[in-house]
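Quick notes on the structure that follows.
Values quoted throughout were computed directly from the atomic coordinates according to the rules given, and no laboratory measurement underlies them. Just so it is clear, the model here is predicted, and its values are computed rather than measured. Don't worry about glycine lacking a Cβ; one is built from the backbone with ideal geometry, like all the others, and counts go over all protein chains shown.
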Amino acid sequence: MSAQIPISTFKPYQGEKARLARAYDYLILVLALFLFIGSFHLHFALTVGDWDFWVDWKDRQWWPLVTPLIGITFPAAVQAVLWDKFRLPLGATLCVAALLIGTWVTRVFAYHYWNYFPINMVLPATMIPGALVLDTLLMLTNSLTVTSIFGGAAFALLFYPTNWPIFGMFHQAVEVANSQLTVADLFGFQYIRTGMPEYLRIIERGTLRTYGQYATPLSAFCSALLCSLMYPLWWHIGKWFASTRYLTKI
Amino acid sequence: MKTHFKTWLLALIALTVMSGLPLSSAQAHGEKALEPFIRMRTIQWYDVQWSTQKFNVNEEVSVSGKFHVAEDWPISVPKPEASFLNISTPGPVLIRTERYLNGKPWTNSVALQPGGDYDFKVVLKGRLPGRYHIHPFFNLKDAGQVMGPGVWLEIGGEPGDFSNTIKTINGEMIDMESFGFANGVFWHLFWGALAAAWLLWWVRRPLFISRYRMLDAGLEHELITPQDKLIAKLVLVGVPVLVLVLNAVTANRYPDAIPLQAGLDQILPLPAQVNAGTVNVDTLKAEYNVSKRSMVLQVKVDNRSQGAVRIGEFASSNVHFMNADVTNVGYIPGRDDVSNNGLSLDNVAPIEPGEQRTVSIEVRDAAWESERLDGLIRDADSRVGGLLFLYDDVMGKRYISSISAAVIPKFI
């Protein structure tokens with residue numbers, strides 16, 4: 001901290017000072033919302049990309065591995081700022097909510113109205129339950145280590161079951177062309193994407209299917225381990241940005 | 001100020017003039033941008049036809065045709081081990097309802113065999129009214145897109161008339177345009193409401209400056225109240241439990257859910273249609289005269305068929321160079337992709353059965369330049385390729401050879 005104020009001499013703001021401080025709160029909140037809508041959404045679109053864009057990319061292996069791993073980055077960094085400097089346990093929820101606002105705007109205007117895709121083909125996934133757990137765990141433990149290990153793991157493990165109520169119905173089987181497809185696959189076949197041939201999908205590939213046919217838990221636990229490592233990394237990136245070096249008097 | 005006024009006035013006049021100029025929209029899909037040796041020596045399309053070019057929303061249209069996978073596949077292009085027959089459209093203005101390769105329905109990608117012959121059919125259904133430039137084309141894994149011939153399609157009617165209902169294996173009829181949308185919105189709103197509640201719980205009280213000062217003063221215990229902790233504990237336990245319960249309910253509701261399907265379709269080529277062995281053509285030499293825009297191919301034709309044959313057409317990269325002396329070719333005059341007098345021979349006499357003859361074919365047309373095929377001579381791989389069509393007028397037969405040769409440029 002830059003300017004230690006003794007407890008005995010601390011006086012809360014009142015009157016005009018309090019009103020200005022509150023106005024500043026709202027100003028920062030609005031700016032932060034737009035900043036996170038833009039930056040987190042861009043970061044997410046460039047990294048998770050197709051796994052979040054298309055219903056026929058949301059597989060058992062890569063989608064639950066990649067999405068939480070990338071999704072925990074901004075929440076960790078923003079938590080580092082908001083918790084460390086303000087004891088505000090809302091960094092993860094704020095980031096994920098901002099991401100969803102940006103995602104929905106894009107899906108409706110860019111994918112549906114501009115490029116004619118039905119919105120149900122491009123429904124986004126949600127990470128809000130994981131973000132709530134991350135925020136509350138950090139608040140209750142006040143520990144980077146505990147939040148990294150258990151919060152990071154929970155963020156990854158909750159992702160697939162959170163989204164199954166949204167996307168489970170797209171995994172019903174359909175008989176098409178003498179073969180079985182999911183409804184999601186059929187979206188990819190019927191609704192033409194010039195730049196997205198079927199083989200481009202990075203789905204159901206790899207050697208994670210070790211225990212019988214249960215691929216999702218393995219992916220989720222792999223993601224949990226990686227999220228536990230990703231969380232402190234981005235926490236420190238956030239902390240690095242949250243300098244109060246120039247704040248001498250407040 | 002005066003100088004600025006003049007600048008702004010000039011800018012305004014320029015904008016006004018420019019706004020009156022006719023604007024034309026892009027009408028192609030960059031097919032000419034791909035290196036000519038890839039366009040000429042990978043997927044060699046022929047006999048591509050559309051069932052109609054004018055139809056309404058909800059009506060079907062099909063494109064069918066054939067293609068030969070060139071034997072002389074460029075070394076720099078990965079082999080077509082995963083290929084997807086696609087349709088270039090500006091978004092899903094049509095939907096693809098059926099697709100066939102060699103008569104077999106297929107939905108995923110397929111491995112093509114160099115030297116193989118295939119016929120295809122794609123059935124599409126109008127979704128959004130408009131006039132669109134459409135091509136069938138192949139997405140080739142790690143290689144890019146090889147376009148087939150393009151046409152303009154006119155879709156009439158109303159977008160609201162479109163419907164796309166399918167039946168699941170369990171017999172449920174679903175509307176693909178709206179399936180799962182309301183459910184998805186509901187769950188996003190549900191979790192969004194919880195997130196909003198959590199955010200508002202904190203945002204309602206003084207935030208940044210006040211909390212920073214209190215934390216700085218060591219009053220951390222006042223920033224997080226016992227009530228905050230109680231709510232956090234409820235969220236920490238309640239949210240994961242709720243997630244797991246909802247997941248279990250969904251799993252029970254869709255017990256027959258299957259993973260996304262990612263298999264490669266296996267479809268063998270047809271019996272040889274091109275280079276079938278009845279009339280063999282061996283390319284001896286190819287020279288491209290830059291100033292004349294003419295490719296001279298020296299080929300040795302070995303006619304093992306029962307009738308006399310004549311060379312009627314050379315087709316490469318969807319451009320058809322026709323021999324005007326051979327009249328049985330069914331292309332319509334006036335098409336941009338057909339050069340009706342583009343092919344001439346040094347010896348016009350038919351090649352008799354059992355005869356072996358070396359023929360000099362001149363393929364001459366501005367299309368070499370306008371279609372950017374002449375860029376071949378500046379490529380790292382400067383081999384020309386294409387399909388040579390030979391006709392037996394008496395027996396009414398057609399023989400096709402896929403030919404290729406290194407090109408020698410002639411600049412004078």
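Here are some notes:
- Counting 0.36 nm for each residue step from B:Thr165 to B:Asn252 and taking away their Cα separation leaves a gain of 28.9 nm.
- Taking packing as the residue-averaged number of other Cβ atoms within 10 angstrom, the listed peptides A:197-204, B:392-399, B:41-48 run from highest to lowest as B:41-48, A:197-204, B:392-399.
- Relative contact order %, the stretch B:163-243, counting alpha carbon pairs below 8 Å whose residues are six or more apart: 12
- Computed Kirkwood radius, in angstrom, where 1/r is averaged over Cα pairs of the stretch B:279-410: 14.8
- Euclidean distance of C-alpha centroids, the stretch B:106-151 and the stretch B:277-317, integer Å: 28
- Rounded to whole Å, sorted largest first: equivalent-ellipsoid semi-axes of chain B, Cα gyration tensor: 59, 31, 22
- By the rule of a C-alpha distance below 17 Å, with chain neighbours fewer than 8 residues away ignored, the lysines paired with B:Lys410 are B:Lys285, B:Lys292.
- Extension gain for B:Asn347 to B:Thr16 (0.36 nm times residue separation, less C-alpha to C-alpha distance): 113.1 nm.
- Taking N as the residue count of the stretch B:181-236, its C-alpha radius of gyration divided by 2.2 N^0.38 Å amounts to 1.51.
- Residues of type lysines that A:Lys239 reaches as a straight line, Cα spacing below 16 Å, ignoring anything fewer than 8 places off in the same chain: A:Lys85
- Proximal aspartates and glutamates relative to B:Lys167, as straight alpha-carbon distance under 12 Å, when same-chain residues fewer than 8 apart are discounted: A:Glu175, B:Asp175
- Surrounding net charge for A:Thr136, when Lys and Arg each add one and Asp and Glu each subtract one, Cβ distance under 13 Å: 0
- Among A:61-67, A:162-168, sorting by the average number of other beta carbon atoms lying within 10 angstrom of each residue, highest first, gives A:61-67, A:162-168.
- Global geometry of the protein assembly as shown, whether rounded, prolate or oblate, following the gyration tensor of its Cα atoms and the 1.5 cut on a/c: prolate
- Interatomic Cα distance distribution for the stretch A:14-241, bins of 5 angstrom, percent: 1, 7, 13, 17, 17, 14, 11, 8, 5, 3, 1, 1, 0, 0, 0
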